[in-house]
Structures are given as C-alpha cells and as structure tokens.
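Just below is one structure, and these are the notes that go with it.
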Amino acid sequence: MQIKVGYVPEATAVKYLTADQRYLVADWAIVKVILYFGELIDKAQGQNLYASEPDYAGMFRLLQTGLRIDPYDVDAYYFAQAVFTWDVGRYREVNNMLEYGMKYRTWDYQLPFFAGFNAGYFLKDYKKAGEYMKKAAEMAQEQQFATLAARYFYEANDYNFAIVFLKTMRKTAKDDKEKKFYDFRLRALVAAKEIQDAVNSFRSASGRLPGRLDELATAGYLKSVPADPYGGSFYLDENGKVRTTSNFTFAGARASRKIDR
C-alpha cells in the first residue's frame, strides 16, 4: 500500500496566488516531504521494511515545486541528496536539481560536492565529477575537496570514497532524521567493505573465491559475516564483488523476500 504525500498546485500558480506569502508555502511543501518520510523511517526502525511504500514521485514533485518558489531553501537539496540517490536511483534528476541550486546558492560548496559524488560514484562520469569537485574546492577556498577529488579518482571503484562521503554528510546534517539516514547507510557500507576486504585477502592467499561467505569466517578472515542492516543477504557476484539482495534499500529487501517466497 502507498500513502500519498499530498498535492500542491503548480509553482507559477502558487507564486501568483500567495504573493508575499509564497516563501512560507515553499517552506511548507519541503517540510511536509521531510516529515512524511521521517514518519516512514520511524515506523521502519526494527522492522527492516516500510509499513507502506513511500510516494517517491509525489515527494519529488513537492520538492521541485518548493524550489521553483524558493530556490534558496537548502533543506530540499540536502534531502533530495540523502534519499533520491541512494534509495531511488534518480541520480540525474538530483544533479539537475543541484545544478539549479548552484545558480542561486552560489556560496554553498555542498551542492557541487554532492553533484560530484553522484557523477562519479553512481554515473561513472569521472570528468564531470572532477569539474564539480573542483568547483566545490574553489567555493570552499580550501584543499579539502580537491583532496577528496583526487582520492575519489583513485578509489572510484571501491567503498572507501562512499564511506568518506557519507561521514562528511553525517557531520554536516542538521536534522536528527537526516543523521539516521546516513547512519544506516554507513553501517551497511562498512559491513560490505569488511566482507570485500576479507574476500580480497582470501583470493590473494588461495587463488580462488570463497564458495560461500561463511568460508571467510571458517578460514579466519572474518570473525563472522556482518548482517545487512537493511535486512538483505550479502553475496558474491561472479566477479567477486560483494553485493546484497537489498541493494542497500528497505524496498530492495522487501522485494527479495517476495521473490524468495
């Protein structure tokens, strides 16, 4: 079952009808999305699945409407990055939103930083990722993001940059619910990296992949196989890459359970 997030008229109409109150309407639309999703997260805690399927399409429309009314509202950009990349896979749409925000929030280095991560980690567009990261470094007037960009290009196919990125986002998150999103994903990625490191060591020593992940514990490369906090099961693909049946989302874990049945 899907509970709809609600409806807001087209942004141009809202601007015309609400006049000088339009910024309050924009803020209401964006806060409504955050509260709606926060309630679903709270209900999902301890159950590893949503009680109802999130209305992602409605959420994204509300965010876009809010930003067309008030393009300076930072919460919309940060929330879209937190949810619509990892949970929904709308990387290009989120980057379009971040590009839009960069035209207005010209001081906010987080927006090109987010876009750079999405371009490189998800979309594998390393040239664009470098451009975004360079922009973030110039806006921040420090070498932090230039260093991260260099590290990213070196470790693009590893979990390390994703973990660094999520830790950075966790530190800058202002809302406790946002921090929960990142904590969950960090636990999942750290668990996957721990298994991947063990697989790589096992293969280097034995010249083969383990038949089962339990073999890593038996051979002493892991104390035990970590659990996927999303409720899925870790496994190795044919290339020895650690993956999970959940795809690091609650929705993925529920779908895999339906298939198993």
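The values are calculated or read from the model by the stated rules, or taken from the named source; none is laboratory data. This structure is a prediction, so every number in the text was calculated from the model and none was measured. Virtual Cβ from ideal backbone geometry, glycine too; neighbours counted across all protein chains shown. Just the protein is used for accessible areas: all its heavy atoms, side chains included, with ligands, DNA and RNA removed. Shrake-Rupley method; radii C 1.70, N 1.55, O 1.52, S 1.80 Å.
Show the residue pairs meeting these rules: Cβ distance below 8 Å; 6+ apart or different chains; first residue within region 175-192 and under 12 Å from A82 (Cβ atoms) and without any contact (Cβ under 8 Å) to a residue 60 or more places away in the chain; second residue open to solvent by 50 Å² or more (accessible area, probe 1.4 Å) and in a helix (DSSP H, G or I).
Here the result reads K179/R170; D183/R170, each pair linking region 175-192 to a residue that is open to solvent by 50 Å² or more (accessible area, probe 1.4 Å) and in a helix (DSSP H, G or I).
In this structure, is V74 open to solvent by 10 Å² or more (accessible area, probe 1.4 Å) and either in contact with a strand residue (DSSP E or B) (Cβ under 7 Å, 6 or more places away or on another chain) or closer than 22 Å to Y182 by Cα (or both)?
When the stated conditions are applied, V74 passes them.
I'd like the full set of residues that are of a type outside the set (F, W, Y) and crowded, with 16+ Cβ neighbours inside 10 Å, limited to region 198-208.
A198, V199
Only residues that are under 24 Å from G116 (Cα atoms), among the aliphatic types (A, V, I, L, M) and in a helix (DSSP H, G or I): list them for region 165-205, please.
Within region 165-205, L166, M169, L186, A188, L189, V190, A192 qualify.
Inspect all residues belonging to region 144-156 and state whether any of them is assigned to a helix (DSSP H, G or I), over 22 Å from Y77 (Cα atoms), modelled with pLDDT under 85 and polar (S, T, N, Q).
For region 144-156, residues assigned to a helix (DSSP H, G or I), over 22 Å from Y77 (Cα atoms), modelled with pLDDT under 85 and polar (S, T, N, Q): present.
I'd like the full set of residues that are surrounded by fewer than 20 Cβ atoms within 10 Å (Cβ to Cβ) and modelled with pLDDT of 85 or more, limited to region 242-261.
Within region 242-261, R243, T245 qualify.
With surrounded by 13 or more Cβ atoms within 10 Å (Cβ to Cβ) and either over 16 Å from the mean Cα position of the chain (by Cα) or at pLDDT below 95 (or both) as the only criterion, which of D55, D20, D42 stands out?
Within the list D55, D20, D42, the selection yields D55.
Looking at region 202-220, is at least one residue of a type outside the set (A, V, I, L, M, F, W, C), closer than 13 Å to I163 by Cβ, without any contact (Cβ under 8 Å) to a residue 12 or more places away in the chain and touching a Phe, Trp or Tyr at 6+ places or on another chain (Cβ under 9 Å)?
no
T85 is checked against (1) surrounded by fewer than 16 Cβ atoms within 10 Å (Cβ to Cβ); (2) not in a helix (DSSP H, G or I) and fails just one. What number does that condition carry?
(1)
For region 168-178, which residues satisfy the criterion of being open to solvent by 20 Å² or more (accessible area, probe 1.4 Å) and over 12 Å from the mean Cα position of the chain (by Cα)?
Correct list: T168, K171, T172, K174, D175, D176, K177.
Could you say whether any residue in region 91-98 is of a type in the set (D, E, K, R), modelled with pLDDT under 90 and surrounded by fewer than 18 Cβ atoms within 10 Å (Cβ to Cβ)?
no
To keep it simple, each residue is scored yes or no on (1) at pLDDT below 90; (2) among the small types (G, A, S).
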position	(1), (2)
F113	no, no
G120	yes, yes
D125	yes, no
R170	yes, no
D176	yes, no
R212	no, no
E215	no, no
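Would you please name the residue that is modelled with the highest pLDDT, looking only at residues in region 226-241 that are part of a loop (DSSP other than H, G, I, E, B) and open to solvent by less than 50 Å² (accessible area, probe 1.4 Å)?
The selected residue is P226.
Residue-wise test of (1) in contact with a Ser or Thr (Cβ under 8 Å, 6 or more places away or on another chain); (2) among the hydroxyl-bearing types (S, T, Y).
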site	(1), (2)
A192	yes, no
I195	no, no
S204	no, yes
A217	yes, no
K223	no, no
G232	yes, no
E238	no, no
K241	no, no
T244	yes, yes
